[in-house]
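The values are calculated or read from the model by the stated rules, or taken from the named source; none is laboratory data. Quick caveat: nothing in here was measured; it's all calculated off a predicted structure. Neighbour counts are summed over all protein chains in view; Cβ atoms, including those assigned to glycine, are modelled from backbone coordinates with ideal geometry. Please note that ligands, DNA and RNA were not included when accessible areas were found on the heavy atoms of the full protein model with its side chains. Shrake-Rupley method; radii C 1.70, N 1.55, O 1.52, S 1.80 Å.
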Amino acid sequence: MRRTMLGLLGVFGLSFAEPVAEPAQLWDKMYYIWLAISVVIYLVVFIPGAYFLVRYRYRKGSNEEAQHVQENPALEVLWTIVPVIIVIYLATQSFAFYKSQRTAPEGAMEIKVTGFMWGWSFEYPNGKQVYAFFNMVEDPETKSYLSFDKIPDVAKAYIPAGVPVKVLLTSQDVIHSFYVQPAKVTEDAVPGRITHMWFKINQPGEYWVFCREYCGTKHSKMAAVLKVVPKEEFEKWYGGTIDSKQLSLNK
């Protein structure tokens, strides 16, 4: 209930806190706008319908004969124009949100992300690379896949907090879908093509990236971790070298 109320406040442009990630708030606003309009339309149709059902229900000996109902041109024009206005509003509002979701802000940092069976490679502007396919990393003791809480930092993609990131996507085998969970954005990674998307995560922490398009037997384990850190910490990592610790890979 609390989330619903906050979402409805967001519809009218009221916000009390910076979103965890962007452009998630645009998805939320679009959802609550459609929800509010749908509820209003439902009530406008249901309440009169329920009233007429009771008020003019069949009564033996009272209203057995059909009565002619006079047309009402003004009412017919009204219930034609109002839906047209609503549809035009939803179309223009949705397009405005979509444009914002697809257009990366000025000065966004570009990262090239390549999907493969079954993981992601992140390439930064200075050539630094991170391979995030922890589902193939074996625990040296049990010889089984590492649990999520044991993923080494070397297999996490570092991202600066509060900085918009433009992702250039492609795939080296089949179609994957790069989904940044906190930002609620996803885009297909297609072999032989470069697609794009953007996101910005404002709060430091670790967040999931999933593949949202079935791509093979290990699709469910095709995930990556975004390690979002303050800008200063990111600059130190960005300018340094990747940990040379060797990992056992089960390819």
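Structure notes:
- Residues of region 162-176 satisfying the condition of being surrounded by fewer than 21 Cβ atoms within 10 Å (Cβ to Cβ) and either over 12 Å from residue 198 (Cα atoms) or not hydrophobic (A, V, I, L, M, F, W, C) (or both): 162, 164, 166, 170, 172, 173, 174, 175
- Every test in (1) open to solvent by 50 Å² or more (accessible area, probe 1.4 Å); (2) at pLDDT below 90 is passed by residue 11 save one, and that test is (1).
- Exactly one residue among 240, 205 is over 13 Å from residue 114 (Cβ atoms), more than 17 Å from the chain's Cα centre (by Cα), at pLDDT 90 or above and open to solvent by less than 40 Å² (accessible area, probe 1.4 Å), and that residue is 205.
- Across region 160-182, the qualifying residues are those that are assigned to a strand (DSSP E or B) and in contact with a Lys or Arg (Cβ under 7 Å, 6 or more places away or on another chain), and the one among them that is nearest to residue 100 (Cα to Cα) is 165.
- Qualifying residues in region 114-127 (those that are farther than 17 Å from residue 195 by Cα and buried (at least 16 other Cβ atoms within 10 Å of the Cβ)) - the one nearest to the chain's Cα centre (by Cα): 119
- The selection criterion, being under 30 Å from residue 176 (Cβ atoms), modelled with pLDDT of 90 or more, hydroxyl-bearing (Ser, Thr, Tyr) and open to solvent by 100 Å² or more (accessible area, probe 1.4 Å), does not hold for residue 51.
- Residue 208 being in contact with a Pro (Cβ under 7 Å, 6 or more places away or on another chain) and of a type outside the set (A, V, I, L, M): no
- Residues satisfying the stated conditions in region 20-64, i.e. in a loop (DSSP other than H, G, I, E, B), closer than 27 Å to residue 199 by Cβ and acidic (Asp, Glu): none
- In the set (1) open to solvent by 20 Å² or more (accessible area, probe 1.4 Å); (2) in contact with a His (Cβ under 9 Å, 6 or more places away or on another chain), the condition left unmet by residue 215 is number (1).
- Whether a residue is open to solvent by less than 50 Å² (accessible area, probe 1.4 Å) and either closer than 15 Å to residue 111 by Cα or at pLDDT 95 or above (or both) was assessed, and residue 189 passes this test.
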